[in-house]
Structures are given as C-alpha cells and as structure tokens.
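Notes follow once the structure below has been shown.
The values are calculated or read from the model by the stated rules, or taken from the named source; none is laboratory data. Computed from a predicted model, the values in this text were never measured in an experiment. Using ideal geometry, Cβ is built from the backbone for each residue, glycine included, and neighbour counts are taken over all protein chains shown.
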C-alpha cells in the first residue's frame, strides 16, 4: 500500500482561468501587469507569467504604454521571443486603429480631442522621433494618415517639398503635422518651428492650408498654432 501524499500542484494551477474570469467581470480593475500576463499566455501554454510580466514592466519604467510602443528590437533585447512579441504588437495596432476610427466620425477641427487621443496612442510613447502628416479634404475630413519619417531619439529629417508633393498627389486641401518628443518635453525646438514655417509657406503657395503642428510626448502635447508660432 502506497501512503505517499499526492504531489502538490503548482501554485499557478487554475490561476489563468481565475484571472480571465476577473478580467471579463471588470476589465478596468485588472492592473497593467496582469493585462500583460494574459497577453503572454498565448505564447506560453504553461507556467506562471506573473513574474515575467512584472519584470518586463520594470524594464520599461513600469509604463504599460511605453512597453506597448517599444519596437521589436527593444522587446527582443528585453528577452522576449517573436511569439511573445506578437500579442504586444497586436494590442498596439488594435488600440491605434480604434482611436483612428474616431477621427472619421466628423471633421477633425471639430473633433480635436479625438485627434489628440489618436496621436498619443500612435506615437506618444515611441522611443524615437516620428513625423506624421494628416491630409484633409475641403471639409477637413481625414483623407489620409501617413507616417512620413522616422528618426533618432531627438531628431527626424523632414523635407517640406515632399510633404507638399504628397498633399498634391492626394488632392488634399489642408494638413496637420504631428511629431513626438521621446524625452516627454513637448516644447518645440527652433528646428521644429523653422520646419513648420517652411511647410506652411510651401503649402500656402499651392492653396493648401496648414492647420497646426502638434508635438506629443508621454501624455503631453503642444500646439504650435495655439502658441502663436505659426
């Protein structure tokens, strides 16, 4: 007769099911590390992902947004496999498309908060500078949203002629420029101001209006138009 006690079950047995149930019951009450933990489940059929999720968040300053916006190279450097990176990229793209869809509901100038929400999600936490142009029609509805350039941690090369050329190709009547400052300091630099004026003047000569240039970074934003710089 074998009186040996049955082996103890791992402490995480049943944890995934309980976590999913809690999430479905009250999604907003689940902390960031548990959201990330669930994202890692698909690539890790077994094992406790809680410790790994907390480790990853720590590497990105305990910022879920910064982790979601990290590029694949940074995620690989953090020790993630391609299978683990996939759900993170998927979540970022889903959030971007959701906020971008709100821009189509009405003209952008009367839907400014939706624009700010979108660009914050799209690039507010990006680790390098990105330059985006929103091309608008005569009613200020969104024609096209394009990421024109991607640069380094503190600069992005922008060519005003290329911006205006693309506007003509699309038949755009107006533009909104957007770029991010990875440092989180959204104060425009002299180069930002000069480039904006060059785009404004080149566009104006062809009957295209530059509505604004918005700088975003880590939940903050600055409007060059509101600052009286254009």
> Right, residue 172: surrounded by 18 or more Cβ atoms within 10 Å (Cβ to Cβ), outside any strand (DSSP E or B) and either in contact with a helix residue (DSSP H, G or I) (Cβ under 7 Å, 6 or more places away or on another chain) or not assigned by TED's automatic domain parsing to the domain that holds residue 117 (or both) or not?
Replying inline: no
> Pick from the range 40-68 the residues that are part of a loop (DSSP other than H, G, I, E, B) and within 22 Å of the chain's Cα centre (by Cα): which of them is farthest from residue 128 (Cα to Cα)?
Replying inline: 62
>> So, in the range 181-197, exactly how many residues are outside any loop (DSSP other than H, G, I, E, B) and either over 17 Å from residue 227 (Cα atoms) or out of contact with any helix residue (DSSP H, G or I) (no Cβ under 8 Å at 6 or more places or on another chain) (or both)?
In response: 7
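Per-residue answers, yes or no, for (1) part of a strand (DSSP E or B); (2) crowded, with 16+ Cβ neighbours inside 10 Å; (3) out of contact with any helix residue (DSSP H, G or I) (no Cβ under 7 Å at 6 or more places or on another chain); (4) at pLDDT below 90:
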site	(1), (2), (3), (4)
128	no, no, yes, yes
135	yes, yes, no, no
153	no, no, yes, yes
166	no, yes, yes, no
